[in-house]
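Mind looking over this structure? Questions follow.
The values are calculated or read from the model by the stated rules, or taken from the named source; none is laboratory data. Being a predicted model, the structure only gives us computed values, none of them experimental. All Cβ positions, glycine included, derive from the backbone under ideal geometry; neighbour counts span all protein chains shown. The protein model used for the area step is the full one, side chains on, heavy atoms only, and it has no ligands, DNA or RNA in it. Shrake-Rupley method; radii C 1.70, N 1.55, O 1.52, S 1.80 Å.
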Amino acid sequence: MKLLENKKALITGGSRGIGRAIAIAYAKQGADVAISDLMVDEDAIDVVKEIESYGVKGKAYASDASSNEASESLINEVVKDFGQIDILVNNAGITRDNLLLRMSEQDWDLVIKVNLKSIFNMTKAVQRVMLKQRNGSIINMSSVVGLSGNAGQSNYSASKAGLIGFTKSIAQELGSRGVRCNAIAPGFIETAMTNKLSDEVRENWIKGIPLRRSGKPDDVANIAIFLASELSSYVTGQVISVDGGMHM
Ligand code: NAP
């Protein structure tokens, strides 16, 4: 049995890394899947082809999740093309790492805007759709460092911790109308975001992971399937860590 048959999902930052893995996992489970990114590039087109290879609908949109206006139009376009939105995965995110001593105001503002304000933009726009349907699952991509903090990532950690407060508030606001909101806190997952770390930094991270390995985008996608599906119909306002036990 497919867990997401007849569901329509939208995933921001869906052409690469964790977002890509979630998009394909959802398609395998029978959902029609829309992805958004800053641009519709070759990666995005490949993801759409792979989505369609599972016999479901796929479409890529160019949209900046940090823009309120662009997020509103994206939701309108996806509803026009797909008819409804049952699952929103707020996955788009960036890093601009530095010690506070050297962190520019610009890098602080950019990370907060892309990682946190985007969640406000997209959730505000999708809520009227989900409230009308009286059904929906919103999944926000946090991070282990949103729970633990991390030297050199004060902007990123603040955005990922802020998103957890937002998730719990929205779960309380929308729960009575059948809309759930949860967060996933991935640990060290192999994507372009972590590939740029030095071997030394990677080894140090892995030493602190009880399961002694980095995670794969599919490890996160499996939890995203659970949170999108009826398997989690009594779960809201939660943060699920996918980090090999890095943070307990
Ligand atoms: P990634 O490979 O860098 O992918 C991020 C995606 O977000 C890219 O497709 C990117 O598009 C898109 N994006 C960036 N800014 C955007 C914007 N303003 N509007 C729309 N899309 C935008 O990163 P990832 O590792 O898969 O990370 C996905 C999420 O998981 C992020 O929120 C990240 O913080 C979180 N996370 C990752 C890890 C990890 O270990 N990898 C751990 C914890 C949490 P472009 O490439 O076109 O810019």
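Given H placed on each backbone N at 1.01 Å, which residues far from Ile240 in sequence or on other chains put an amide H within less than 5 Å of it?
Excluding prolines and chain starts, which carry no amide H, the hits are Ala183, Ile184, Ala185.
Could you check the spin-label model distance between Ala192 and Asn68? Points 7 Å from the Cα along Cα→Cβ, value in nm.
Going from the Ala192 label point to the Asn68 one covers 2.9 nm.
How much length would be gained if the chain were fully extended between Arg96 and Lys207, taking 0.36 nm per residue of separation minus their Cα-Cα distance, in nm to one decimal?
Full extension from Arg96 to Lys207 adds 37.6 nm.
Along the Cα→Cβ direction, 7 angstrom out, place labels at Asp218 and Lys132. What is the inter-label distance in nm?
Those two pseudo-labels are separated by 3.8 nm.
Still on this structure, please answer the following. What helices in the chain pass both tests, a Cα length along the helix axis of 18 Å or more and a mean Kyte hydropathy of 0.0 or higher, using whole DSSP H runs?
118-133, 154-174
Would you grab the residues whose amide H sits under 5 Å from the one on Ile11? Only those 5+ places off in sequence or on another chain, please, with H modelled 1.01 Å from N.
Close amide H contacts, sequence-distant or interchain: Ala34, Ile35, Ser36, Val89.
A further question follows. Can you give the percent of C-alpha pairs in the range 37-79 whose distance is more than 15 Å?
Here the long-distance tail beyond 15 Å is 47 percent of all Cα pairs in the range 37-79.
Return the whole-Å distance between the Cα centroid of the range 1-48 and the Cα centroid of the range 126-144.
The distance from the Cα centre of the range 1-48 to that of the range 126-144 comes to 16 Å.
Are there trypsin sites (Lys or Arg not before Pro) in the range 201-248 that DSSP puts in a loop and that have at most 14 other Cβ atoms within 10 Å, and which ones?
Arg212, Arg213
Also, I was wondering about something else. Long-range amide H contacts for Ser137: which residues qualify at under 5 Å (H placed 1.01 Å from N, peptide plane, sequence gap of 5 or more or a different chain)?
Those qualifying (amide H under 5 Å, at least 5 residues apart or on another chain) are Ile87, Leu88, Arg180.
Give the Debye-formula value of log10 I(q)/I(0) at each listed q (0.12, 0.17, 0.19, 0.20 Å⁻¹), with one equal scatterer per alpha carbon of the range 149-228, two decimals each.
-0.47, -0.86, -1.00, -1.06
Let me ask something additional. Given a 1.4 angstrom probe, I'd like the percentage of the accessible area of the chain that is carbon and sulfur, rounded to a whole number.
51
Within the range 105-137, which trypsin sites (Lys or Arg not before Pro) sit in a loop by DSSP and count at most 13 neighbouring Cβ atoms inside 10 Å?
Loop-located and lightly packed - Arg134.
Could you provide, to the nearest whole Å², the per residue accessible area of the chain with probe 1.4 Å? Walk me through the numbers on the way to the answer.
Numbers: 11660 Å² over 248 residues.
Heavy-atom accessible area per residue stands at 47 Å².
Using Stokes-Einstein with the Kirkwood hydrodynamic radius over Cα pairs, what translational diffusion coefficient do you get for the range 8-242 at 20 °C and a viscosity of 1.002 mPa s, in µm²/s rounded to a whole number? Don't skip to the end; give the middle numbers.
Details: Rh = 17.7 Å.
Rounded, D is 121 µm²/s.
In addition: What number in nm² do you get for the range 89-186 if you take the convex hull of its Cα atoms and divide its surface by four?
5.8
Can you tell me how much longer the chain between Tyr234 and Asp41 gets when fully stretched, taken as 0.36 nm per residue apart minus their C-alpha distance, in nm with one decimal?
Here the answer is 65.7 nm.
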